[in-house]
1. Considering only residues that are in contact with a Pro (Cβ under 9 Å, 6 or more places away or on another chain) and in a strand (DSSP E or B), look in region 275-301 and name the one that is modelled with the highest pLDDT.
2. Whether any residue in region 162-179 is among the polar types (S, T, N, Q), more than 16 Å from F275 (Cβ to Cβ), at pLDDT below 95 and assigned by TED's automatic domain parsing to the domain that holds W222 is what I want to check.
3. Does region 216-229 contain at least one residue that is over 14 Å from the mean Cα position of the chain (by Cα) and modelled with pLDDT of 95 or more?
4. Please go through region 39-98 and pick out each residue that is more than 30 Å from the chain's Cα centre (by Cα) and at positive phi.
5. Would it be correct to say that T201 is out of contact with any Gly (no Cβ under 7 Å at 6 or more places or on another chain), assigned by TED's automatic domain parsing to the domain that holds N277, modelled with pLDDT of 90 or more and closer than 22 Å to V266 by Cα?
6. Go through (1) under 14 Å from L293 (Cβ atoms); (2) without any contact (Cβ under 8 Å) to a residue 24 or more places away in the chain for E227 and report which single condition fails.
7. Taking E242 and the conditions (1) within 26 Å of V287 (Cβ to Cβ); (2) surrounded by 13 or more Cβ atoms within 10 Å (Cβ to Cβ), which numbered condition does it fall short on, given that it satisfies the others?
8. Out of (1) of a type in the set (F, W, Y); (2) surrounded by 15 or more Cβ atoms within 10 Å (Cβ to Cβ); (3) out of contact with any Lys or Arg (no Cβ under 6 Å at 6 or more places or on another chain), what's the single condition that is false for F225?
Amino acid sequence: MFAQVVTAETVATCRVPNDPQQRVWTLERLPSSWQIAFSSNALDRPRVELPVPLPPDGSARTLSYASANGGRRIDWKINNGASTLDLHVNHGLEVNIERDLDPAVELMNTDGPLAVVCSTGVLQGFDDRSTVERGTSEWAAAAGIAKSVNLFQSTGGRAYAVQTIGYARELTRELKFIGIRGRFAWGVEAMPLFAQFSPSTIYGVGFAPVVWRWNFLPLRSWSVFGELAMGGLWTSDPIPEETQSVNFTAHWGGGVRWHTSPRDSVVLSYRFQHFSNGNQLSTNPGVNSHVLLAGWSRRSTR
């Protein structure tokens, strides 16, 4: 078994304002229990997880638990904004119960009740469980430039500019795949402007009905995504010149969002773009290019 997929629903994310350690506690609902994920600049890894063996029912605004041996105690009062968290875990006691428990869980300790500020997820304000279950939608617009490379049957020296408009919607809650957490989104993308300016002037439009995107878990001010897409390109003249004016397209790449508000982000991305005739002719020359894009996106849970 090379991969294990675990669905985790983010119920709340809490942090201490102006905390030099940048501590973040995330409450996550699993299919049959809860867990608390913790991140901090004191950790030598992205996060550490603490299981909480309770059934996943009850209020999402309150979590209270104490183990029989006193090695794990949690009292978490969650509000929209000011909240309190009292967490204590003793790895030496609890590792006898859970042998694979990470010793770093002790960094989660709050040393008594701690004032924190909470929200559902990282980008949205606290609502209720239905908000978490709805997929996040994203509208995006970008523009960029590209340069072709000598690779396979593609030749270098071709330069063009593109404009893109896209829509995507997250179809899953948080997944854990080979240790990487994120959410899967499916989208579409239109290219209302394709403009080659070297070695000749050619214009076109494109459309990709398949855009598969993996949204990694967001941090406070930025987030990362990777994507794979497939579609078509229609141009005023054949590209390359010895083929035809209708081509299949595909790209893979990724990017970074800088969150300028809870909904809006500035986006910088890279993609490796390919288009060719898809072996419809006797030969299949194409264009392979490095593409850099800059743009804006707006995310919404509605």
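1. V287
2. yes
3. There is at least one residue in region 216-229 that is over 14 Å from the mean Cα position of the chain (by Cα) and modelled with pLDDT of 95 or more.
4. Answer for region 39-98, where residues must be more than 30 Å from the chain's Cα centre (by Cα) and at positive phi: just G70.
5. no
6. Of the numbered conditions (1) under 14 Å from L293 (Cβ atoms); (2) without any contact (Cβ under 8 Å) to a residue 24 or more places away in the chain, the odd one out for E227 is (2).
7. (2) is the only condition that E242 fails.
8. Only one criterion in (1) of a type in the set (F, W, Y); (2) surrounded by 15 or more Cβ atoms within 10 Å (Cβ to Cβ); (3) out of contact with any Lys or Arg (no Cβ under 6 Å at 6 or more places or on another chain) is unmet by F225, namely (3).
The values are calculated or read from the model by the stated rules, or taken from the named source; none is laboratory data. Predicted model, so just to flag it, every value in this text is computed and none were measured. Glycine also receives a Cβ, built like all others from the backbone with ideal geometry; neighbour counts cover every protein chain displayed.
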